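The values are calculated or read from the model by the stated rules, or taken from the named source; none is laboratory data. Fair warning: this is a prediction, and the values are worked out from it, not measured in the lab. Counting neighbours? That spans all protein chains shown, and the Cβs are built from the backbone with ideal geometry, glycine included. Each accessible area value is taken on the protein alone, full model and side chains, heavy atoms only, with ligands, DNA and RNA left out. Shrake-Rupley method; radii C 1.70, N 1.55, O 1.52, S 1.80 Å.
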Amino acid sequence: MAPQRDAGADAEAELPEYAGHYRLESRLGSGGMGVVHLARSTSGMRVAVKVVHATYARDPEFRGRFRQEVAAARRVSGAFTAPVVDADPDAGRPWMATLYIPGPTLSEHVKRNGPMDEPQLRRLMAGLAEALRDIHRVGVVHRDLKPSNVLLAEDGPKVIDFGISRPKDSELRTETGKLIGTPPYMAPEQFRRPREVGPAADVFTLGSLMVHAATGRGPFDSDSPYVVAYQVVHDEPDLTGVPEWLAPLVLRCLAKEPEDRPTPDELMRELRSVAAAYDTQVFVPASRTEPDGDPRAAGARPAQQGPAEPSVRSGRAVRRLGKRSALVAAGVALAVVGSLVAVQAFGGAEPAGTPTAQSAPGGFGAWEAVPAGDGGGMPLCSYAARRLVCARPGVVFAVDPADGSTLWRHPVEEAVRSEPPVVSGGLVQPEVGLLGRPLEALDPATGEQVWQEEMPAYTGSRTVGDMLLLTHADGTVTGVDSASGRTRWTHRIPGQAMPYLTSFAGEKRPAAYATSRSADGRTHVTAVDPDSGDVRWDTRLAGTLTLLAAADGSVFLASEEATYGDVRTVVRYTPATGATRRVALPVPVEQAQAGVHGDTVYLMGAGGSLVAVDMAAGKQAWRLETSVSRGSVPVSDGRHVYVTAPDGRLLGVDAREGKLLGQTRPRLGADSDTVPATLPAPLQAGGHVYAGAPDGTVFGVAGRDPGAW
């Protein structure tokens, strides 16, 4: 669809058709700095693109402010914001693309539906507290948090529009004497001393937002912005209509002095104390009808059996159309806090700093260790070369799966990871998935660097078999030999203009997969030989589908026909025969991740539903409602299904009957309010199961008897 045009003869009368390689399809609205469009990339990914007004594009001050907005948004991209996909602040009309997230703003929701009920208020405050924690943790102060800058996405609130936010290490782009912000949602210090505004100002605004959500008005209300400014600085807030449990928290947020306000972490702890029966349902926002111009982003040694690769092929999250794999797990803590089981589990003991072991039936002693030293951060691990190869911010390391002892450590630049390091071509590839880094490979036995290569700029990377596949901005793909670092081939993938490649562990003949959608409602799937870049097979399947997994010569996909990416149908396609089988689910599974064992697909839903789908029988085998929100990809050995929880628990479920058999204790560590952005799937090898936890622990247990954990 062509972009909507403004009527008139001004500079905005004829809007651009493209921003970079994003085609502008429709206009969402106009904000203070620019016009926001719904757009698509060449691969079909939906994004919200803000294009700066032509008048401001000629103003060096506004260009500088826009660069600052892009920098701030990139720093905080994660679970509670709309991730930045691309940007060009130096273009003739500067622009920034963020992930499009459907859902109304808080302003639209209250205007349409009236004040929120108490469960919704709890979820909103918890989500916003977590959002501010993550924003402040990277050194950014938002400074313009208001109802129109909060999106109510299905998986929790998202904070958007960092147009006047300020990283602590950047210059303050505010003219002397000029107030920047929205008076009803500004803190007293923003009026009194705007150059000294810190994180506590955002907490004050959170209190004002909660009053608006609970009553439909602000705590300081007047038609005159000057009167509102006086009230904010001098008067007490009007909390009439705010629920009794919420009022004390809001009053603390609205303290006149910054030092008297709680931190986001303190708010989270207090919310847990008042929400003993927390409602774990997610937001189900109505469709947007009144766009306001903001981006809608929307250790005894185990028996020495030969190690085996996990028999379930790790799947990928089912996303809304265009959602990146590195998407972080929004709303995890909301449901963890909300579940009585999870709340009771927060009291687990701290792990030891060195490997510890305890006896277990069958001669295997379970062990746990913190191999990368003090500090939290869930290790992301893979199993290869008879060892666990893991990463945490700033370090890649190897662990002996027999007893948890550390074999080596290799320092790397700190970065937010979405996937563990892998072994490809016989070498550890620590930087794959971290864009803009030189490629390097390590000796799996010692951790020493074997080779390092600078590569042309790439926008995506994937390890498949013994090759590293790099996707470039022009749509070409480069195949790099993992063992040597030498480039083998570079060309385009036929039929895939901008291939975002994925792969699945455990395939006997690994392939790279690219998908795209067409206007006629079909999904184009291409399987690529990683060694040559040649197309192995190519098909077009009916419906909007997302790849889940690949195993035994078939690929498994999920239908995205339901709103918000809920899975209603699981599809198996077998390229050798061209056969397609579709199995409809009695009840949809929200935002599921998947693993496969034999003819069974296991789906782990964001809300805690674990579902087994028998593709041979063409029906759902069982469904278990767990206490785990946003669990990992499920992994199965045919007898059991294993899932990692955000609080560090490992669950074991009977694969035939769907009954919970056992679980390990939680391992949250000292920072119990910290939620991992990525949950790695459990690993199986030699009859044992290994997992990581948010407190930095890596641990191993015997897989055959979850009841003994």
- request: Mind telling me which of the residues Ala391, Ala457 ends up being modelled with pLDDT of 75 or more, part of a loop (DSSP other than H, G, I, E, B) and of a type in the set (Gly, Ala, Ser)?
  value: Ala457
query: Does segment 546-559 contain any residue that is open to solvent by 40 Å² or more (accessible area, probe 1.4 Å) and on the phi < 0 side of the Ramachandran plot?
result: no
message: Going through Glu414, Glu431, Glu419 one at a time, which residue ends up being under 21 Å from Ser484 (Cβ atoms) and either modelled with pLDDT under 95 or in a strand (DSSP E or B) (or both)?
response: Glu431
query: Just wondering, is there one or more residues in segment 463-470 that are outside any strand (DSSP E or B), modelled with pLDDT of 95 or more and open to solvent by less than 30 Å² (accessible area, probe 1.4 Å)?
result: no
message: For segment 1-52, give me the residue count where each residue is at pLDDT 85 or above, under 22 Å from the mean Cα position of the chain (by Cα) and hydrophobic (A, V, I, L, M, F, W, C).
response: 5
query: Can you name the number of the only condition in (1) modelled with pLDDT of 85 or more; (2) under 23 Å from the mean Cα position of the chain (by Cα); (3) farther than 28 Å from Ala201 by Cα that Ala126 fails?
result: (3)
message: What pairs come out if I take residues in segment 74-89 that are at pLDDT below 75 and pair them with residues that are hydroxyl-bearing (Ser, Thr, Tyr) and buried (at least 23 other Cβ atoms within 10 Å of the Cβ) whose C-beta lies under 9 Å away, six or more apart or interchain?
response: Val76/Ser165; Ser77/Thr98
message: Tell me whether segment 684-705 contains one or more residues that are modelled with pLDDT under 95, open to solvent by less than 10 Å² (accessible area, probe 1.4 Å), assigned to a loop (DSSP other than H, G, I, E, B) and among the aliphatic types (A, V, I, L, M).
response: yes
- prompt: List the pairs whose first member sits in segment 95-112 and is over 30 Å from Gly20 (Cα atoms), whose second member is outside any loop (DSSP other than H, G, I, E, B) and of a type in the set (Gly, Ala, Ser), and whose Cβ atoms are under 7 Å apart, counting only residues at least 6 apart or on separate chains?
  reply: Leu106/Ala213; Ser107/Ser148; Val110/Ala213
message: So if I check each of Pro184, Pro119, Pro115, which one is modelled with pLDDT of 85 or more, surrounded by fewer than 24 Cβ atoms within 10 Å (Cβ to Cβ), more than 20 Å from Arg272 (Cβ to Cβ) and not β-branched (Val, Ile, Thr)?
response: Pro115
- prompt: Out of (1) part of a loop (DSSP other than H, G, I, E, B); (2) within 22 Å of Thr182 (Cβ to Cβ), what's the single condition that is false for Phe62?
  reply: (1)
task: Give the residues of segment 498-524 that are open to solvent by 60 Å² or more (accessible area, probe 1.4 Å), under 22 Å from Gly543 (Cβ atoms) and more than 21 Å from the chain's Cα centre (by Cα), sorted by residue number.
output: Arg517, Ala519, Asp520, Arg522
message: Looking only at residues that are of a type in the set (Asp, Glu) and either over 16 Å from the mean Cα position of the chain (by Cα) or open to solvent by less than 10 Å² (accessible area, probe 1.4 Å) (or both) in segment 129-146, which one is farthest from Glu189 (Cα to Cα)?
response: Glu130
task: Might you check whether a residue that is closer than 19 Å to Val35 by Cα, out of contact with any Ser or Thr (no Cβ under 9 Å at 6 or more places or on another chain), open to solvent by 10 Å² or more (accessible area, probe 1.4 Å) and at pLDDT below 90 occurs anywhere in segment 147-155?
output: no
task: Kindly establish whether Leu407 is of a type outside the set (Ser, Thr, Tyr), assigned to a strand (DSSP E or B), modelled with pLDDT of 90 or more and open to solvent by 10 Å² or more (accessible area, probe 1.4 Å).
output: yes
query: Given Gly598, Gly607, which one is on the phi > 0 side of the Ramachandran plot and out of contact with any strand residue (DSSP E or B) (no Cβ under 7 Å at 6 or more places or on another chain)?
result: Gly598
